[in-house]
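What follows is a set of notes on a single structure, which appears directly below.
Coordinate-derived values only; no laboratory data. Quick caveat: nothing in here was measured; it's all calculated off a predicted structure. As a convention, Cβ positions derive from the backbone with ideal geometry for all residues, glycine included, and neighbour counts pool all protein chains shown.
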Amino acid sequence: MMIRDVLSNAPQNQPPIRLTKTGRNIQQSQDTIYRFLLEIVRKWPPEEVLLEFKRLFIYHVDSVSSDVLQAVYDIVFANNEEDFRNTLKRCCYILVNNWDASRNYKPIKELIQLFVDPTIGRYTASPTLKRLRHWIDNFVKGQDYTELKLFASRYDDQAGPWSSRYTSYLLVPQYIDLSNPIEQREAARALSKQLKDRFKFDLAMYIAKSQTNAPTSQLPKNPTALGEEVLRLIKAIVARKGPFSYANVANIFLNQIENSSYKNFKQSLKQYLIFSVDSKEYVETLRSRLNERLDTLYASHDDEPVSNALILRTCNRVIEYLTTENQSDPSQLFILLLSQGNPITLVITLLKLILICKHARTHLEARIAELIKYYQDFPEDECAWVVNFLEVFNVTFAIHAENVQYNLIKMQGDDQAVHQFDPDRYRIFSQLKRESKIEPFPEIIPVEEPLSEAGD
């Protein structure tokens with residue numbers, strides 16, 4: 001087919017197809033590269049795959065496939081850096097995803113290290129190679145490479161930036177961003193789950209061993225930065241059992257608002273969030289600020305029966321009020337509430353929202369990621385109050401995970417009656433349940449259900 005035939009057959013309502021020097025369009029060149037990498041990553045040893053990747057994108061010479069090398073050349077020659085960056089990013093995640101699926105983690109780290117090859121900065125007289133290396137350098141300096149480096153986090157047991165302790169949350173924006181390649185989103189979701197599961201397991205093991213008489217040298221590492229206080233924190237959270245447990249109160253609330261109007265739901269939500277909070281200052285601050293926001297939120301739906309769509313959107317908005325409203329800076333309410341004392345109160349408020357709307361959890365974790373990004377360049381001692389909040393958040397949501405159960409057992413022989421809960425009189429036991437399978441990828445991204453009209 002001649003070039004003019006290709007152009008004339010292109011749909012008129014779509015952008016014109018961009019052709020490469022060889023007459024292929026950009027997508028065909030990209031598909032050629034993707035198919036090749038998929039084939040070799042499944043058949044070749046990782047070291048040979050990495051060498052071939054370097055031949056294509058770093059050295060741009062001596063590839064085993066002249067057709068694939070030409071496809072890379074065509075994309076570079078087309079002189080569209082965005083097309084090249086998207087191609088390179090997807091190629092990386094094709095390899096990451098396949099190695100991760102086969103539990104072959106070492107080459108993932110080696111892939112990331114390829115981009116610090118000194119060859120990238122060397123002078124070359126070739127205009128094509130010069131452009132390729134310039135684009136590679138821009139990729140390394142950009143957000144895409146920062147996101148890619150998160151996949152080496154499974155190796156980073158040594159001391160690193162304090163924010164590296166929360167990689168499971170930093171990965172969330174990657175897998176909810178629909179503009180990212182499907183391979184990147186799947187890889188980010190899988191690694192996030194692995195890191196969360198490892199934290200839950202390490203926490204359970206630490207709790208089990210730290211309450212024995214084993215020498216300190218034989219105790220497993222505390223996976224938190226809370227020190228021994230983590231035991232008292234967990235006991236205090238788990239102590240909320242029976243009719244006043246957070247889960248039970250959430251179920252009572254959901255039963256009460258069933259068939260109520262959206263306006264009544266918003267009023268009840270404010271009472272639910274401050275229920276059993278001891279700090280009067282916190283209660284007054286939260287009540288007054290939520291009054292300002294909730295009374296006018298989606299007001300055109302006030303007289304309608306409350307729906308799952310309205311509950312999800314409302315919980316998402318409250319999460320934003322409590323964390324970050326512009327997906328960048330911490331909200332004024334976040335700073336104000338944390339300045340009033342114990343972070344556990346704010347964490348429990350967020351937990352209450354998730355207990356009545358589990359599909360808001362991904363939105364919450366994405367907002368937590370934005371807070372981490374905002375503070376990550378601060379020294380840890382300068383933002384210790386935020387780090388403390390993150391540690392309490394991490395532990396609290398690990399306790400309320402679906403596949404782990406914590407129970408308090410009163411120590412034998414301690415029959416003394418006390419009016420207040422004393423964590424020192426109890427031991428805590430954890431039990432890991434059967435691990436749940438990962439849901440099919442398209443179903444794990446909670447999205448706001450559409451309303452009958454725009455409400456934002």
- Which value in nm describes the separation of the simple spin-label points at Arg103 and Asn251, placed 7 Å from the Cα toward the beta carbon? 3.6 nm
- Query: Which value results for Rg/Rh of the range 277-416 when Rg is the Cα radius of gyration and Rh the Kirkwood radius based on the inverse mean 1/r?
  - Reply: 1.03
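How big, on average over all directions, is the shadow cast by the Cα convex hull of the range 31-131, in nm²?
6.2 nm²
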- Query: Using a Förster distance of 56 Å, how high is the FRET efficiency between Asp177 and Phe244, based on the Cβ-Cβ distance and rounded to 0.05?
  - Reply: 0.90
- Message: Under 5 Å between amide hydrogens, which residues at least 5 positions from Asn25 or on another chain qualify, with H placed 1.01 Å from N in the peptide plane?
- Response: Thr20
- Item | Distribution of pairwise C-alpha distances over the range 164-320, 10 Å bins, in % | 9, 23, 26, 29, 11, 2, 0
- Query: Taking only C-alpha pairs under 8 Å that are 6+ residues apart, what is the relative contact order of the range 18-155 in percent?
  - Reply: 26 percent
- Query: For labels at Ser300 and Glu258 in the simple 7 Å Cα→Cβ model, what's the distance in nm?
  - Reply: 3.0 nm
- Task: Just rank Phe84, Phe397, fewest to most, by other beta-carbon atoms within 10 angstrom.
- Result: Phe397, Phe84
- Note on the structure: Residues Lys196, Lys358 in order from fewest to most other beta-carbon atoms within 10 Å are Lys358, Lys196
- Note on the structure: GluC sites (Glu not before Pro) in the range 301-374 lying in a DSSP loop, each with at most 12 other Cβ atoms within 10 Å of its Cβ, come to none
- Simple label model, 7 Å out from Cα along Cβ direction - Val277 to Arg42, nm: 5.3 nm
